[in-house]
Amino acid sequence: MDFDEVIDRRGTHSSKWDTMEQVYGVSPDDGLAMWVADMDFRPPEAVQRAVEAMAAHGIYGYFGDDRAYRESIRWWMAERHGWEIDPAWIQTTNGLVNGTAMCVDTWTAPGDGVVLFTPVYHAFARVIRAAEREVVECPLAVRDGRYEMDFDAYDAQMTGREKMVILCSPHNPGGRVWTAAELRGVADFCKRHDLLLVSDEIHHDLVLPGHAHTVMARAAPEITDRLVMMSATTKTFNIAGAHVGNVIIPDDTRRKQFAQRMAALGISPNSFGLHMATAAYSPEGAEWVDALMRYIDGNRRIFDAGIARIPGLASMPLEATYLAWVDFTGTGMTTEEFTRRVERDARIAANHGTTFGKGGESFLRFNLATPRVRVEKAVGQLQKAFGDLQ
């Protein structure tokens, strides 16, 4: 678990490093990739051993007998989240963007509205619009520097065309760990407006010390008939390229509907992803995650302290994820100006806040899941780029 090791990912077909010059004009030779939400760390040794065992065997046929894979998910949810599930509830998709798209395809029709609490993970809106559904943006309120939900405002927005809510819990990009009371508020909102709730909890293991995530199924068990839970090993263990996600559906009718669409589209997971996920959801994987989050918390402290020394910049308090959400409103600069300074002067590729929907216009998102020396370098380069404000 040497998170300080600097691993050169250039030239490895890394989306994060090998496409950042094309997207942001920041060369990987002198810049820092702090955008795509994957980590610059190797996964636990258990995952590496699973891949090496497959390579040593040398035959890559169809995967069969997924009992160990399903049991590993059941064990992890019970052990780490206090949620007892039946392994039969699990549907395996090609990652959770695919899982989100499958939910939209299964339970909505073209023209239907899908509610998002924005700003929020940009892939949600992308798949909704690609499916010819309407994105219904319910903006989050900022109170005391953190996001909260305003259900009175959201109730007033509903027209009856809305069929689904996609919740990001914990929240990306704001880093909020929603309280049990807030989650029950979402559940009540869905009941009032007869909405299916898709709870994307891909970041639920990436919770910083001092905070605790509540699984939606535990916060509001009374909405089981309209609840779809989504989780994955991919974000937790930095194996996003495995493209494997869990869509966990307790309700029998909903689960059969989803499975039918999966069958109709011929979707099935790849064997590498199943072996890696099974290895990750283990006591060894749990130990690795605990060490990871202590390290990320150290990176967060350094980054936030550095941002606080730049007048006009504010980093939203991070409770979960490894994604810092920085507000540039106080600089008085246009979006174009502060983005230019980050990219051209600081040589950092960070996600543009506008891609996350309403409320993201004054923000950039920075990935802190990288060796500490890079976080320290980023802080120094940002302070220099905005040196005239200090």
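The values are calculated or read from the model by the stated rules, or taken from the named source; none is laboratory data. All of these numbers come straight from a predicted model, not from anything done at the bench. Cβ placement follows ideal geometry from the backbone for every residue including glycine, while neighbour counts extend to all protein chains displayed. Heavy atoms of the whole protein, side chains included, go into the accessibility calculation; ligands, DNA and RNA do not. Shrake-Rupley method; radii C 1.70, N 1.55, O 1.52, S 1.80 Å.
Taking the numbered list (1) surrounded by 21 or more Cβ atoms within 10 Å (Cβ to Cβ); (2) more than 23 Å from the chain's Cα centre (by Cα) in turn, V51 passes all entries but (1). Scanning the stretch 6-45 for residues that are more than 28 Å from F363 (Cα to Cα) and either buried (at least 19 other Cβ atoms within 10 Å of the Cβ) or touching a residue at least 24 places away in the same chain (Cβ under 8 Å) (or both) turns up I7, R42, P43, P44, E45. Taken as a whole, the stretch 59-81 holds at least one residue that is among the aliphatic types (A, V, I, L, M), under 19 Å from the mean Cα position of the chain (by Cα) and surrounded by 13 or more Cβ atoms within 10 Å (Cβ to Cβ).
The residue that is nearest to the chain's Cα centre (by Cα), among those in the stretch 142-172 that are more than 24 Å from D225 (Cα to Cα) and open to solvent by less than 20 Å² (accessible area, probe 1.4 Å), is N172. Return the residue satisfying two criteria in turn: it lies in the stretch 164-217 and is in contact (Cβ under 8 Å) with a residue 40 or more places away in the chain and among the acidic types (D, E), and of such residues it is nearest to T93 (Cα to Cα). Result: D200. Of all residues in the stretch 10-45, those that are among the basic types (K, R) and within 21 Å of the chain's Cα centre (by Cα) total 2. Of the candidates E84, E71, the single residue that is among the acidic types (D, E), outside any loop (DSSP other than H, G, I, E, B) and without any contact (Cβ under 8 Å) to a residue 24 or more places away in the chain is E71. If you go through the stretch 208-244 and pick out every residue that is farther than 17 Å from P43 by Cα and of a type outside the set (K, R), you end up with 22.
Do we have F3 as surrounded by 11 or more Cβ atoms within 10 Å (Cβ to Cβ) and under 30 Å from G353 (Cα atoms) here? Working first, answer last.
Values: surrounded by 11 or more Cβ atoms within 10 Å (Cβ to Cβ): yes; under 30 Å from G353 (Cα atoms): yes.
Yes, satisfied.
Restricting attention to the stretch 283-320, the residues that are within 21 Å of the chain's Cα centre (by Cα), of a type outside the set (D, E, K, R) and over 19 Å from G380 (Cβ atoms) add up to 13. If you take the residues in the stretch 125-140 that are touching a residue at least 24 places away in the same chain (Cβ under 8 Å) and among the charged types (D, E, K, R), which one is surrounded by the most Cβ atoms within 10 Å (Cβ to Cβ)? Only one residue fits best here, namely R133.
Is the stretch 272-289 home to any residue that is within 24 Å of V97 (Cβ to Cβ), surrounded by fewer than 20 Cβ atoms within 10 Å (Cβ to Cβ) and among the aliphatic types (A, V, I, L, M)? Explain how you work it out, then say what you get.
Initial filter on the stretch 272-289 (within 24 Å of V97 (Cβ to Cβ)): 272-281, 285, 289.
With surrounded by fewer than 20 Cβ atoms within 10 Å (Cβ to Cβ) added as a condition, the list becomes 272, 289.
When the remaining residues are screened for being among the aliphatic types (A, V, I, L, M), the result is 289.
Scanning the stretch 272-289, I find at least one residue that is within 24 Å of V97 (Cβ to Cβ), surrounded by fewer than 20 Cβ atoms within 10 Å (Cβ to Cβ) and among the aliphatic types (A, V, I, L, M), so the answer is yes.
Restricting the first residue to the stretch 336-359 and requiring it to be closer than 13 Å to G25 by Cβ, which pairs with a second residue that is open to solvent by 40 Å² or more (accessible area, probe 1.4 Å) and small (G, A, S) meet a Cβ separation below 7 Å and a spacing of at least six or different chains? Sorted first by the residue in the stretch 336-359, then by its partner, the pairs are E343/G25. The set of residues in the stretch 275-293 being part of a helix (DSSP H, G or I) and more than 12 Å from D205 (Cβ to Cβ) consists of H275, M276, A277, T278, A279, P283, E284, E287, A291.
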